[in-house]
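Since the structure comes first, as structure tokens, the remarks are kept for the end.
The values are calculated or read from the model by the stated rules, or taken from the named source; none is laboratory data. Keep in mind that what you see is a predicted model, and the values were worked out from it rather than measured. All Cβ positions, glycine included, derive from the backbone under ideal geometry; neighbour counts span all protein chains shown. The protein model used for the area step is the full one, side chains on, heavy atoms only, and it has no ligands, DNA or RNA in it. Shrake-Rupley method; radii C 1.70, N 1.55, O 1.52, S 1.80 Å.
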Amino acid sequence: MSLNIFVVFTLIMLWQYYRSGFEKTSCINAIFAGMWVLFSIEYFVTNDYIVYHTGFYDESIQTIWEPLYRLLLRLFAPLGFTVFNSAVAAFEMFTLCFMFKRFCPKRYMWVGILFFILSVSNMMSYMCFKRQFLAQMVAIWTLYFMIDSQNRFRYAWAAFAFVCAVNIHTSAYAALAYFILPLFRLRIGKIGMSVVGLLFIGSLSFQLAGYSELLDTALTLVQGKDSDRYGRYITDIEDEETEDFAAGTVEIAFNAFYLLLLLYYNRSVSRTYYWLFLLSIFSMLLRIILVGDLYRLSFYFSIVNFFTIPILLVQLEQQPSSLLRRAVYLIFLTSMIVIPAKSYYNAMSGSKVTYITARFKKYNTIFDEAPDLTEFQFDGTREIN
């Protein structure tokens, strides 16, 4: 119920934002404030909640986590987990709100926000990967300082944010890619488009399991003697059925359509937007290649999709009108409304759920007197009464 109330509130705020001619940013602020409340009042809704709730009070569990995260736990120890969770959510929502307003065109910001909130693979998934999401929100400041900030100390701030992120969750090493973006000055031409297209097609049949030993060596170089903490992610690749994680036909078709638009318009956007396009393109290749928990590495790149989708919509609308361009615009806009809406409907009203969405229907809060604490951990989908 709480999640549905928040979605209705979001739609009302977006309507008010539209009526103001896309100028009333207080409506956008209100949405992220509401999201902060939603994150803060959660109680054993996501799988990670019990892990970090238990670990907050058990120092023996904390030893497996990165040093900066452990430091935060010590600082908030006198205040309790609820306050800690709320403070973390406040930072995450402030960061998201800032980045949306910084990178999203005003006219189509609502599309990016709905895509983030309604699609199960976005907000609900981020809520389930708590420590990694915090690391992502720290790491994205590295991206901001590298490609958009005019601060004269921006490179130092970018490095500082990166160091903080990897000391919250090791997966943030993926954000190293942010540092090389300014090196990409030349836009993607016809040859480059062909290469990316071939890589996309080739990734559909790529088997990551064949490179598990190489991945294990790379992890050892990064983590040293502590590599066992994340080594199971690589071991899982050999044990998992690739088909369980393979993208469906509809998803592949949409990603191909999205990729074509990114490639076609990469020469028409500003340099900052071009660098965001590059991250979106890379995220689609990773999404197909990575399986199991390694899939979560792609989140450091797909996070910018909430910005590049609105940017593309502006490009499609601004180009000289023709029947074909108008059709492409309408198909893309409709897809970005229907796909996340269907995802949300299936999660909240469908007969089957994944382990991620199993408790979102009821959404326990810290105010519930008798919350449902049933644990869910399973692959695929299940029917749950």
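Quick check: residue separation of Ile201 and Ser149 times 0.36 nm, minus the Cα distance between them. What number comes out in nm?
Full extension of this stretch gives 15.2 nm more.
Which of the peptides 179-185, 97-103, 277-283 is most tightly packed, and how do the rest follow, going by the mean number of other Cβ atoms within 10 Å of each residue?
The densest-packed peptide leads the list: 277-283, 97-103, 179-185.
How do Trp275, Trp141, Trp110 stack up against each other in accessible area, from largest to smallest, with a 1.4 angstrom probe?
Trp110, Trp141, Trp275
Based on the mean of other Cβ atoms within 10 Å per residue, sort peptides 334-345, 308-319, 124-135 so the most packed one is first.
Packing order, densest peptide first, comes out as 124-135, 308-319, 334-345.
Please calculate how many Å² of accessible area region 58-177 carries per residue, with a 1.4 Å probe and no DNA, RNA or ligand atoms counted.
Roughly 39 Å² per residue, with all protein chains present.
Between Ala159 and Ser322, 0.36 nm times their residue separation minus their Cα-Cα distance comes to what?
Result: 54.1 nm gained on full extension.
Quick one: with all protein chains in place, what share of the accessible area of region 65-152 is carbon or sulfur, to the nearest percent (1.4 Å probe)?
The C+S portion of the solvent-accessible surface of region 65-152 is 61 percent.
Can you list, largest first and rounded to whole Å, the semi-axes you get for region 1-159 by taking the square root of 5 times each eigenvalue of its Cα gyration tensor?
Equivalent ellipsoid semi-axes, largest first: 29, 22, 12 Å.
For a protection proxy built on the mean count of beta-carbon atoms within 10 angstrom, sort 88-96, 266-274 highest first, please.
Highest-to-lowest ranking by the protection proxy: 88-96, 266-274.
Leu71: accessible area at probe 1.4 Å, nearest 10 Å²?
80 Å²
Kirkwood hydrodynamic radius, computed over distinct alpha-carbon pairs, for region 250-310: how many Å, to one decimal?
By the Kirkwood definition, the hydrodynamic radius is 11.8 Å.
Per residue of region 278-287, in order, report the coupling 6.51 cos²θ - 1.76 cosθ + 1.60 (Karplus, θ = phi - 60°) as ³J(HN,Hα) in whole Hz, putting x for Gly and Pro.
4, 5, 5, 4, 5, 5, 5, 5, 5, 4
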